Amino acid sequence: MLDTLKDYSVVYSFDRSGYERHARHFSELNATSLAGKHFLVTGGTRGIGQAITEGLLAYGAEVTVSARSDRDYRANFGHHSRVRFLPLDLADFNAVMAADLSVYDGVVLNAGGMPDKLQVVEDRFDVIFASQVVGHFLLVRRLITEGSLKPLSPVHWVASGGMYLQKLNLSDLSWQRTDYDKVKSYANAKRAQVILNELMAQRFKNFTFSCSHPGWVATQALADALPGFTKKLGHRLRTPEQGADTILWCLEQGRKLKSGRFWFDRRARKTHPFFWTREREADRLALLELLEAEWHAHQSIPSKVATSVN
Ligand SMILES: NC(=O)c1ccc[n+]([C@@H]2O[C@H](COP(=O)([O-])OP(=O)(O)OC[C@H]3O[C@@H](n4cnc5c(N)ncnc54)[C@H](OP(=O)(O)O)[C@@H]3O)[C@@H](O)[C@H]2O)c1
(Lines give C-alpha, C1' and ligand atoms only; values in the text may rest on other atoms or scores of the structure.)
Protein backbone atom coordinates (compact mmCIF):
# COMPACT_ATOMS: atom_id res chain seq x y z
CA MET A 1 0.00 0.00 0.00
CA LEU A 2 2.75 2.43 1.03
CA ASP A 3 4.78 1.37 -2.04
CA THR A 4 1.81 2.11 -4.31
CA LEU A 5 1.43 5.57 -2.76
CA LYS A 6 5.13 6.22 -3.27
CA ASP A 7 4.78 5.25 -6.93
CA TYR A 8 1.89 7.68 -7.35
CA SER A 9 4.00 10.44 -5.83
CA VAL A 10 6.33 10.32 -8.90
CA VAL A 11 9.29 11.73 -6.91
CA TYR A 12 9.65 8.56 -4.82
CA SER A 13 9.29 6.45 -7.96
CA PHE A 14 11.46 8.20 -10.57
CA ASP A 15 14.19 8.84 -8.01
CA ARG A 16 16.88 6.55 -6.62
CA SER A 17 14.68 5.31 -3.74
CA GLY A 18 12.09 4.26 -6.36
CA TYR A 19 14.70 2.22 -8.17
CA GLU A 20 15.94 0.61 -4.95
CA ARG A 21 12.38 -0.30 -3.92
CA HIS A 22 11.50 -1.75 -7.34
CA ALA A 23 14.85 -3.54 -7.66
CA ARG A 24 14.13 -5.68 -4.58
CA HIS A 25 12.11 -7.88 -6.95
CA PHE A 26 14.67 -7.99 -9.78
CA SER A 27 16.65 -11.10 -10.61
CA GLU A 28 20.07 -11.36 -12.25
CA LEU A 29 20.12 -11.09 -16.03
CA ASN A 30 20.99 -14.19 -18.00
CA ALA A 31 24.40 -13.25 -19.39
CA THR A 32 24.43 -16.04 -21.96
CA SER A 33 21.59 -14.46 -23.94
CA LEU A 34 23.72 -11.35 -24.65
CA ALA A 35 27.22 -12.86 -24.95
CA GLY A 36 28.78 -12.66 -28.41
CA LYS A 37 26.03 -10.41 -29.77
CA HIS A 38 26.67 -7.08 -31.43
CA PHE A 39 24.53 -4.09 -30.39
CA LEU A 40 24.31 -0.55 -31.72
CA VAL A 41 23.76 2.05 -28.99
CA THR A 42 23.13 5.60 -30.18
CA GLY A 43 24.58 8.13 -27.78
CA GLY A 44 26.48 5.27 -26.17
CA THR A 45 29.56 7.36 -25.39
CA ARG A 46 28.49 8.88 -22.05
CA GLY A 47 25.70 9.07 -19.48
CA ILE A 48 23.00 6.40 -19.64
CA GLY A 49 24.30 5.21 -23.04
CA GLN A 50 27.72 4.62 -21.50
CA ALA A 51 26.10 2.56 -18.71
CA ILE A 52 24.13 0.52 -21.29
CA THR A 53 27.35 -0.11 -23.19
CA GLU A 54 29.26 -1.08 -20.04
CA GLY A 55 26.43 -3.44 -19.07
CA LEU A 56 26.48 -5.09 -22.50
CA LEU A 57 30.26 -5.46 -22.33
CA ALA A 58 30.00 -7.05 -18.89
CA TYR A 59 27.63 -9.64 -20.39
CA GLY A 60 30.11 -10.42 -23.16
CA ALA A 61 28.55 -8.46 -26.04
CA GLU A 62 30.22 -6.24 -28.64
CA VAL A 63 28.96 -2.69 -28.95
CA THR A 64 29.06 0.01 -31.59
CA VAL A 65 28.45 3.38 -29.97
CA SER A 66 27.42 6.36 -32.06
CA ALA A 67 27.66 10.05 -31.27
CA ARG A 68 28.57 13.32 -32.97
CA SER A 69 31.93 13.57 -31.26
CA ASP A 70 34.42 10.78 -30.50
CA ARG A 71 35.77 12.65 -27.45
CA ASP A 72 33.72 10.71 -24.87
CA TYR A 73 34.22 7.44 -26.75
CA ARG A 74 37.98 7.89 -26.58
CA ALA A 75 37.87 8.89 -22.91
CA ASN A 76 35.51 6.10 -21.82
CA PHE A 77 36.09 3.20 -24.24
CA GLY A 78 39.07 4.03 -26.42
CA HIS A 79 41.00 1.13 -24.94
CA HIS A 80 38.27 -1.50 -25.24
CA SER A 81 38.60 -4.10 -27.99
CA ARG A 82 34.84 -4.85 -28.08
CA VAL A 83 33.67 -1.25 -28.53
CA ARG A 84 33.82 0.64 -31.79
CA PHE A 85 32.75 4.14 -32.68
CA LEU A 86 30.30 5.24 -35.37
CA PRO A 87 30.40 9.00 -35.99
CA LEU A 88 26.78 10.03 -36.48
CA ASP A 89 24.79 13.22 -36.05
CA LEU A 90 21.18 12.03 -35.93
CA ALA A 91 19.94 15.49 -36.90
CA ASP A 92 21.81 15.17 -40.20
CA PHE A 93 19.45 12.94 -42.18
CA ASN A 94 21.81 12.52 -45.13
CA ALA A 95 24.50 11.37 -42.70
CA VAL A 96 22.09 8.82 -41.18
CA MET A 97 21.30 7.48 -44.65
CA ALA A 98 25.01 7.25 -45.53
CA ALA A 99 26.34 5.94 -42.19
CA ASP A 100 28.66 2.96 -42.32
CA LEU A 101 26.47 0.31 -40.68
CA SER A 102 27.34 -3.23 -39.77
CA VAL A 103 24.97 -6.11 -38.91
CA TYR A 104 23.52 -5.97 -35.40
CA ASP A 105 21.68 -8.19 -32.93
CA GLY A 106 19.87 -5.22 -31.45
CA VAL A 107 19.74 -1.46 -31.35
CA VAL A 108 19.17 1.03 -28.52
CA LEU A 109 17.85 4.42 -29.65
CA ASN A 110 19.25 6.37 -26.72
CA ALA A 111 20.86 9.55 -28.08
CA GLY A 112 19.17 12.73 -26.97
CA GLY A 113 19.49 16.09 -25.37
CA MET A 114 17.64 19.33 -24.71
CA PRO A 115 19.54 22.24 -26.31
CA ASP A 116 18.74 25.72 -24.99
CA LYS A 117 18.69 27.44 -28.35
CA LEU A 118 16.41 26.67 -31.28
CA GLN A 119 18.23 25.00 -34.19
CA VAL A 120 16.12 24.25 -37.25
CA VAL A 121 16.89 21.24 -39.44
CA GLU A 122 15.90 21.16 -43.12
CA ASP A 123 13.39 23.99 -42.44
CA ARG A 124 10.99 21.48 -40.93
CA PHE A 125 12.05 20.35 -37.46
CA ASP A 126 13.84 21.64 -34.42
CA VAL A 127 16.96 19.66 -33.58
CA ILE A 128 15.30 17.76 -30.71
CA PHE A 129 12.56 16.28 -32.91
CA ALA A 130 14.99 15.92 -35.83
CA SER A 131 17.59 13.88 -33.92
CA GLN A 132 15.45 11.93 -31.46
CA VAL A 133 12.50 11.11 -33.70
CA VAL A 134 13.31 11.56 -37.41
CA GLY A 135 16.98 10.53 -37.28
CA HIS A 136 16.24 7.48 -35.15
CA PHE A 137 13.33 6.49 -37.38
CA LEU A 138 15.51 6.71 -40.51
CA LEU A 139 18.19 4.66 -38.78
CA VAL A 140 15.78 1.86 -37.83
CA ARG A 141 14.15 1.94 -41.29
CA ARG A 142 17.59 1.53 -42.85
CA LEU A 143 18.63 -1.24 -40.48
CA ILE A 144 15.46 -3.20 -41.22
CA THR A 145 15.31 -2.51 -44.97
CA GLU A 146 18.98 -3.33 -45.59
CA GLY A 147 19.01 -6.44 -43.42
CA SER A 148 21.43 -4.82 -40.96
CA LEU A 149 19.31 -5.92 -38.03
CA LYS A 150 19.05 -9.66 -37.64
CA PRO A 151 15.47 -11.01 -37.63
CA LEU A 152 13.87 -11.19 -34.15
CA SER A 153 16.31 -8.58 -32.78
CA PRO A 154 15.26 -6.04 -30.12
CA VAL A 155 14.79 -2.35 -30.94
CA HIS A 156 14.64 -0.20 -27.81
CA TRP A 157 13.58 3.47 -27.58
CA VAL A 158 14.84 5.45 -24.56
CA ALA A 159 12.02 7.89 -23.85
CA SER A 160 11.35 9.99 -20.76
CA GLY A 161 8.75 10.35 -18.04
CA GLY A 162 8.52 13.93 -19.31
CA MET A 163 6.20 12.65 -22.05
CA TYR A 164 3.49 11.74 -19.52
CA LEU A 165 2.19 15.32 -19.51
CA GLN A 166 2.48 15.87 -23.26
CA LYS A 167 -0.03 15.25 -26.04
CA LEU A 168 1.47 14.58 -29.47
CA ASN A 169 1.66 17.85 -31.37
CA LEU A 170 2.76 17.76 -35.00
CA SER A 171 1.97 21.38 -35.80
CA ASP A 172 4.89 23.78 -36.07
CA LEU A 173 7.70 21.28 -35.40
CA SER A 174 10.25 23.99 -36.25
CA TRP A 175 8.79 26.54 -33.77
CA GLN A 176 8.12 29.26 -36.35
CA ARG A 177 4.79 30.38 -34.90
CA THR A 178 5.50 30.15 -31.16
CA ASP A 179 8.47 30.83 -28.92
CA TYR A 180 10.80 27.84 -28.65
CA ASP A 181 10.24 25.86 -25.46
CA LYS A 182 12.91 23.17 -25.06
CA VAL A 183 11.03 21.27 -22.34
CA LYS A 184 7.85 21.05 -24.44
CA SER A 185 9.79 20.11 -27.54
CA TYR A 186 11.61 17.37 -25.63
CA ALA A 187 8.38 16.01 -24.11
CA ASN A 188 6.73 16.01 -27.54
CA ALA A 189 9.66 14.14 -29.11
CA LYS A 190 9.52 11.58 -26.31
CA ARG A 191 5.74 11.20 -26.75
CA ALA A 192 6.37 10.61 -30.47
CA GLN A 193 8.94 7.91 -29.61
CA VAL A 194 6.44 6.12 -27.37
CA ILE A 195 3.83 6.14 -30.16
CA LEU A 196 6.36 5.01 -32.77
CA ASN A 197 7.34 2.11 -30.56
CA GLU A 198 3.72 0.90 -30.74
CA LEU A 199 3.23 1.62 -34.44
CA MET A 200 6.49 0.01 -35.52
CA ALA A 201 5.73 -3.07 -33.41
CA GLN A 202 2.50 -3.49 -35.37
CA ARG A 203 4.20 -2.97 -38.70
CA PHE A 204 7.52 -4.81 -38.27
CA LYS A 205 6.48 -8.01 -36.59
CA ASN A 206 9.82 -9.69 -37.14
CA PHE A 207 11.49 -7.50 -34.48
CA THR A 208 10.79 -6.87 -30.80
CA PHE A 209 10.14 -3.21 -30.08
CA SER A 210 10.27 -1.84 -26.57
CA CYS A 211 10.44 1.59 -25.00
CA SER A 212 11.22 2.73 -21.49
CA HIS A 213 11.92 5.70 -19.35
CA PRO A 214 14.96 5.59 -17.07
CA GLY A 215 13.71 7.75 -14.19
CA TRP A 216 15.73 10.78 -13.13
CA VAL A 217 19.38 10.03 -13.75
CA ALA A 218 22.46 12.02 -12.74
CA THR A 219 24.07 12.82 -16.09
CA GLN A 220 25.75 15.88 -17.48
CA ALA A 221 22.83 16.30 -19.89
CA LEU A 222 20.33 16.66 -17.05
CA ALA A 223 22.59 19.08 -15.17
CA ASP A 224 23.01 21.22 -18.31
CA ALA A 225 19.36 21.12 -19.38
CA LEU A 226 17.69 21.55 -15.97
CA PRO A 227 20.25 22.98 -13.52
CA GLY A 228 17.65 24.07 -10.93
CA PHE A 229 15.99 20.66 -10.94
CA THR A 230 19.36 18.90 -10.66
CA LYS A 231 20.45 21.10 -7.77
CA LYS A 232 17.23 20.48 -5.89
CA LEU A 233 17.07 16.73 -6.49
CA GLY A 234 20.78 15.98 -6.93
CA HIS A 235 21.00 13.60 -3.97
CA ARG A 236 17.88 11.73 -5.10
CA LEU A 237 18.94 11.12 -8.71
CA ARG A 238 19.59 7.60 -9.98
CA THR A 239 23.01 6.48 -11.12
CA PRO A 240 23.46 5.91 -14.88
CA GLU A 241 23.67 2.16 -14.12
CA GLN A 242 20.26 2.29 -12.42
CA GLY A 243 18.92 4.28 -15.39
CA ALA A 244 20.26 1.63 -17.79
CA ASP A 245 18.88 -1.37 -15.90
CA THR A 246 15.49 -1.74 -17.60
CA ILE A 247 17.01 -1.13 -21.03
CA LEU A 248 19.49 -3.98 -20.51
CA TRP A 249 16.71 -6.15 -19.14
CA CYS A 250 14.58 -5.54 -22.26
CA LEU A 251 17.54 -6.51 -24.48
CA GLU A 252 18.11 -9.64 -22.43
CA GLN A 253 14.45 -10.62 -22.46
CA GLY A 254 14.30 -10.27 -26.24
CA ARG A 255 11.39 -12.18 -27.81
CA LYS A 256 9.96 -13.00 -24.38
CA LEU A 257 8.56 -9.46 -24.27
CA LYS A 258 5.37 -8.50 -26.06
CA SER A 259 6.49 -6.10 -28.79
CA GLY A 260 5.46 -2.45 -28.52
CA ARG A 261 5.13 -2.10 -24.75
CA PHE A 262 6.39 0.70 -22.52
CA TRP A 263 8.52 -0.19 -19.49
CA PHE A 264 9.74 1.41 -16.29
CA ASP A 265 11.78 -0.52 -13.73
CA ARG A 266 11.11 -3.80 -15.56
CA ARG A 267 7.31 -3.43 -15.42
CA ALA A 268 4.99 -2.63 -18.32
CA ARG A 269 3.37 0.76 -17.71
CA LYS A 270 0.52 2.81 -19.05
CA THR A 271 1.58 5.45 -21.55
CA HIS A 272 -1.33 7.78 -20.75
CA PRO A 273 -1.97 8.28 -17.03
CA PHE A 274 -4.00 11.37 -18.01
CA PHE A 275 -6.87 11.18 -20.51
CA TRP A 276 -6.08 14.63 -21.95
CA THR A 277 -2.79 13.47 -23.47
CA ARG A 278 -4.46 10.82 -25.62
CA GLU A 279 -3.83 11.41 -29.30
CA ARG A 280 -6.35 10.70 -32.05
CA GLU A 281 -5.72 7.74 -34.34
CA ALA A 282 -5.41 10.25 -37.21
CA ASP A 283 -2.51 11.96 -35.41
CA ARG A 284 -0.72 8.67 -34.86
CA LEU A 285 -1.02 7.91 -38.56
CA ALA A 286 0.07 11.46 -39.43
CA LEU A 287 3.27 10.90 -37.42
CA LEU A 288 4.04 7.72 -39.33
CA GLU A 289 3.20 9.34 -42.68
CA LEU A 290 5.46 12.30 -41.90
CA LEU A 291 8.35 9.97 -41.10
CA GLU A 292 7.75 7.73 -44.10
CA ALA A 293 7.85 10.88 -46.27
CA GLU A 294 11.28 11.70 -44.79
CA TRP A 295 12.41 8.13 -45.47
CA HIS A 296 11.37 8.35 -49.13
CA ALA A 297 12.79 11.86 -49.53
CA HIS A 298 16.23 10.69 -48.36
CA GLN A 299 16.35 7.46 -50.33
CA SER A 300 18.82 8.63 -52.95
CA ILE A 301 21.69 8.96 -50.49
CA PRO A 302 24.17 6.13 -51.17
CA SER A 303 24.75 4.08 -48.05
CA LYS A 304 27.67 1.95 -47.01
CA VAL A 305 26.87 -1.42 -45.51
CA ALA A 306 29.73 -3.20 -43.85
CA THR A 307 29.24 -6.90 -43.36
CA SER A 308 31.94 -7.77 -40.86
CA VAL A 309 32.19 -6.75 -37.24
CA ASN A 310 35.90 -5.97 -37.32
N1 LIG B 1 19.29 11.86 -17.55
C2 LIG B 1 17.99 11.71 -17.29
O3 LIG B 1 17.52 11.95 -16.17
C4 LIG B 1 17.05 11.24 -18.37
C5 LIG B 1 15.70 11.12 -18.03
C6 LIG B 1 14.81 10.68 -18.99
C7 LIG B 1 15.27 10.32 -20.25
N8 LIG B 1 16.59 10.45 -20.56
C9 LIG B 1 17.02 10.09 -21.92
O10 LIG B 1 18.12 9.21 -21.87
C11 LIG B 1 18.91 9.37 -23.04
C12 LIG B 1 20.37 9.58 -22.65
O13 LIG B 1 20.44 10.79 -21.88
P14 LIG B 1 21.69 11.15 -20.97
O15 LIG B 1 21.15 11.89 -19.82
O16 LIG B 1 22.54 9.95 -20.76
O17 LIG B 1 22.44 12.21 -21.91
P18 LIG B 1 24.00 12.50 -22.19
O19 LIG B 1 24.82 12.07 -21.04
O20 LIG B 1 24.11 13.90 -22.67
O21 LIG B 1 24.32 11.54 -23.43
C22 LIG B 1 23.71 11.82 -24.67
C23 LIG B 1 24.39 11.01 -25.74
O24 LIG B 1 23.71 11.26 -26.98
C25 LIG B 1 24.65 11.78 -27.95
N26 LIG B 1 23.92 12.76 -28.77
C27 LIG B 1 23.30 13.87 -28.34
N28 LIG B 1 22.75 14.51 -29.38
C29 LIG B 1 23.02 13.78 -30.50
C30 LIG B 1 22.74 13.93 -31.88
N31 LIG B 1 22.09 14.98 -32.39
N32 LIG B 1 23.17 12.96 -32.74
C33 LIG B 1 23.86 11.90 -32.28
N34 LIG B 1 24.16 11.71 -30.98
C35 LIG B 1 23.75 12.65 -30.10
C36 LIG B 1 25.78 12.40 -27.11
O37 LIG B 1 27.03 12.45 -27.80
P38 LIG B 1 27.49 13.76 -28.65
O39 LIG B 1 27.14 14.96 -27.84
O40 LIG B 1 28.97 13.56 -28.86
O41 LIG B 1 26.73 13.67 -29.92
C42 LIG B 1 25.85 11.39 -25.96
O43 LIG B 1 26.57 10.25 -26.36
C44 LIG B 1 18.32 10.55 -23.80
O45 LIG B 1 17.47 10.09 -24.83
C46 LIG B 1 17.51 11.27 -22.74
O47 LIG B 1 16.46 12.00 -23.29
C48 LIG B 1 17.49 10.91 -19.64
Working note, segment 143-197: Cα radius of gyration (Å, one decimal) and Dmax (Å, whole number) are 14.6, 43
Counting every C-alpha pair in segment 30-305, the percent lying more than 31 Å apart is 19 percent
Listed by chain and number, the residues whose amide H is under 5 Å from that of ARG84, excluding neighbours fewer than 5 places away on the same chain and using placed H, are VAL63, THR64, VAL65
Per DSSP loop assignment and a cutoff of at most 13 other beta carbons within 10 Å, the chain keeps its longest run without exposed GluC sites (Glu not before Pro) at 147-310
The lysines whose Cα lies under 19 Å from the Cα of LYS167, excluding any fewer than 8 residues away in the same chain, are LYS182, LYS184, LYS190, LYS270
A 1.4 Å probe over the protein heavy atoms gives segment 175-296 a carbon and sulfur accessible-area percentage of 55 percent
Residue-ordered couplings for segment 130-145, obtained by feeding phi - 60° into the Karplus form 6.51 cos²θ - 1.76 cosθ + 1.60 and rounding to whole Hz (Gly and Pro as x), are 4, 7, 7, 9, 5, x, 5, 4, 4, 4, 5, 4, 5, 4, 6, 5
Per GNM of the chain with C-alpha springs under 10 angstrom, the most fluctuating residue out of TYR19, TYR180, TYR104 is TYR180
Summing -39500 (n - 2.57) over every DSSP H run of at least 4 in the chain, dividing by its residue total and rounding to the nearest 500, the 222 nm mean residue ellipticity is -11500 deg cm²/dmol
Pseudo-spin-label distance LYS232 to ALA35, built 7 Å along Cα→Cβ, given in nm, is 4.7 nm
Under a Gaussian network model of the chain whose springs join Cα atoms within less than 10 Å, the largest fluctuation of ARG84, ARG269, ARG24 belongs to ARG24
For CYS211, other-chain or 5+-apart residues with amide H closer than 5 Å (H placed, Pro excluded) are TRP157, ARG261, TRP263
Given a 1.4 Å probe, the accessible area of the chain per residue, as a whole number of Å², is 46 Å²
Mean-square fluctuation maximum in Gaussian network of the chain, Cα pairs under 10 Å, restricted to LEU237, LEU57, LEU222, hits LEU222
If R0 = 25 Å, then ALA95 and ALA23, at their Cβ-Cβ distance, give a FRET efficiency to the nearest 0.05 of 0.05
In order over segment 17-22: 3J(HN,Hα) from phi, Karplus 6.51/-1.76/1.60, θ = phi - 60°, whole Hz, x for each Gly or Pro, gives 5, x, 4, 4, 5, 5
The rounded separation in angstrom of the Cα centers of segment 1-36 and segment 189-266 is 13 Å
Once phi for every residue in segment 280-287 is put through the Karplus expression 6.51 cos²θ - 1.76 cosθ + 1.60 (θ = phi - 60°), the whole-Hz ³J(HN,Hα) values, with Gly and Pro written as x, are 7, 4, 4, 6, 5, 5, 5, 4
Between HIS38 and residues 5 or more places away or on another chain, the pairs with built amide H atoms under 5 Å apart involve GLU62, ASP105
For segment 160-299, the Cα convex hull volume per residue in Å³ comes to 149 Å³
Quick calc, SER9 & GLU281: beta-carbon distance into FRET formula, R0 41 Å, rounding 0.05, result 0.80
Quick calc: nm separation of the 7 Å Cα→Cβ label points for ARG82 and ALA221 -> 2.4 nm
Plugging the Cβ-Cβ distance of THR178 and ALA75 into 1/(1 + (r/R0)^6) at R0 = 51 Å yields, to the nearest 0.05, a FRET efficiency of 0.85
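The values are calculated or read from the model by the stated rules, or taken from the named source; none is laboratory data. Values in this document were obtained by computation on a predicted structure and should not be read as measured data. For neighbour counting, all protein chains shown are included, and Cβ atoms are generated from backbone atoms with ideal geometry for every residue, glycine included. The accessibility values were calculated without ligands, DNA or RNA, using every heavy atom of the protein model including side chains. Shrake-Rupley method; radii C 1.70, N 1.55, O 1.52, S 1.80 Å.
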